[in-house]
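This report refers to the structure that appears directly beneath it.
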Amino acid sequence: MKAVRFHEFGGPEVLRYEEMDQPAPGAGEVRVRVAASAFNAADDGMRGGFLPIPVELPHVPGYDVSGTVDALGEGVGDGAGLEVGDAVIGFLPMERDGGAAEYAIAPAEALVTAPTTVPLPDASALPSVALTAWQALFDLGELTAGQRVLINGAGGVVGKYAVALARRAGVHVVATASPRSDAAVRAAGADEIIDHTTTDVLTAVEEQVDVLVNLAPIDPDRFAALVGVVRDGGKVVSTTAFMATPGDESRGVSAATVFVLPNRDRLSELVSLVDSGDLQVEGT
Ligand SMILES: NC(=O)c1ccc[n+]([C@@H]2O[C@H](COP(=O)([O-])OP(=O)(O)OC[C@H]3O[C@@H](n4cnc5c(N)ncnc54)[C@H](OP(=O)(O)O)[C@@H]3O)[C@@H](O)[C@H]2O)c1
């Protein structure tokens, strides 16, 4: 089968489009005929060799995947709810081969039924990205209805899911977005939008927030200053794991960093939200 792989760490030039053996599913695994795999920032870091994720070389990137079930490994029976031909999406284990190939191997528990309201290739843009947004807002941020959140970096892929999920949960969403992403962030449901290219976010936030979610590549000093928009006892949550998340002990403002984890039940819920029209997958 055809696959994109890298045999050494480096820039995009290390990617090779080449032949490799079609993989066979082992016990508890499923072979997926790939419709698409998404490209995330961490794919760049893994290919560059600067993320602490132990990949074996050569490696097929693309841990977010959509496709159809092609073969079931031993022990993958009725309990898994998967049959050959089913349309599925999944967040594959990052250290294993991904979906930038004609076929990918997935642990059965990594796969859920794909949304029916978006084209199957587009649905590969959902799994780890929407899970990241969920984990930032609700698992670490513990946001509840009536609270306020500032989502810095809402213009990106995680950000637009975060805006939509927070808004749907009854949270008041203050979002930053450049003119490039303003319309999409507005469509996702932001209550207030601050153009970070022309406005100082620190002074533009009129009322402190319960939670600051940072998704943007800002410098650490800037990030530390932004903690000032969080109320006493509030939370700072960041996905930008390459720098420490600042808090403020003197005011009881806690700091937490997201390391996205697979969660099959949550992913199924996110699929339902896509199918009910509550969550838009970009490109559809
Ligand atoms: N830790 C984890 O488990 C995990 C999981 C997923 C992602 N991540 C990380 O989370 C971050 C967000 O992911 P993503 O995929 O959404 O990235 P992305 O698509 O690149 O989004 C980041 C957005 O930030 C905005 N931005 C850029 N500079 C800004 C600034 N100075 N102030 C405010 N906003 C600014 C940009 O939108 P505009 O300029 O248009 O506003 C950009 O689209 C990335 O660093 C990614 O690596 C971590």
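Worth pointing out:
- Listed by position, the helices (runs of 4 or more DSSP H) enclosed by the range 169-247 include none that has at least 1 residues that are buried (at least 22 other Cβ atoms within 10 Å of the Cβ) and of a type in the set (Asp, Glu).
- Given (1) touching a strand residue (DSSP E or B) at 6+ places or on another chain (Cβ under 6 Å); (2) open to solvent by less than 10 Å² (accessible area, probe 1.4 Å), index of the condition LEU137 fails: (1)
- Single residue of the range 28-49 satisfying the filter (modelled with pLDDT under 95 and hydrophobic (A, V, I, L, M, F, W, C)) that is surrounded by the fewest Cβ atoms within 10 Å (Cβ to Cβ): PHE39
- The set of residues in the range 192-227 that are of a type in the set (Asp, Glu) and within 18 Å of ALA136 (Cβ to Cβ) contains only ASP210.
- Qualifying positions in the range 248-284 - within 16 Å of the ligand (Cβ to nearest atom), open to solvent by less than 50 Å² (accessible area, probe 1.4 Å) and assigned to a helix (DSSP H, G or I): LEU267, LEU270
- Within the range 116-134, the residues that satisfy the criterion of being within 14 Å of the ligand (Cβ to nearest atom) and either touching a strand residue (DSSP E or B) at 6+ places or on another chain (Cβ under 9 Å) or of a type in the set (S, T, N, Q) (or both) are SER124, ALA125, LEU126, PRO127, SER128, VAL129, LEU131, THR132, ALA133.
- With respect to the stated conditions, LEU82 fails to be touching a strand residue (DSSP E or B) at 6+ places or on another chain (Cβ under 9 Å), open to solvent by 50 Å² or more (accessible area, probe 1.4 Å), in contact (Cβ under 8 Å) with a residue 24 or more places away in the chain and not basic (Lys, Arg).
- Top-ranked residue in the range 144-168 [being more than 21 Å from VAL271 (Cα to Cα) and of a type in the set (A, V, I, L, M); ranked as surrounded by the most Cβ atoms within 10 Å (Cβ to Cβ)]: ILE151
The values are calculated or read from the model by the stated rules, or taken from the named source; none is laboratory data. This is a predicted model, so every value here is computed, not measured. All Cβ positions, even for glycine, are placed from backbone atoms using ideal geometry, and neighbour counts span all protein chains on display. Ligands, DNA and RNA are stripped out before the accessible areas are found, and what is left, the full protein with its side chains, is counted by its heavy atoms. Shrake-Rupley method; radii C 1.70, N 1.55, O 1.52, S 1.80 Å.
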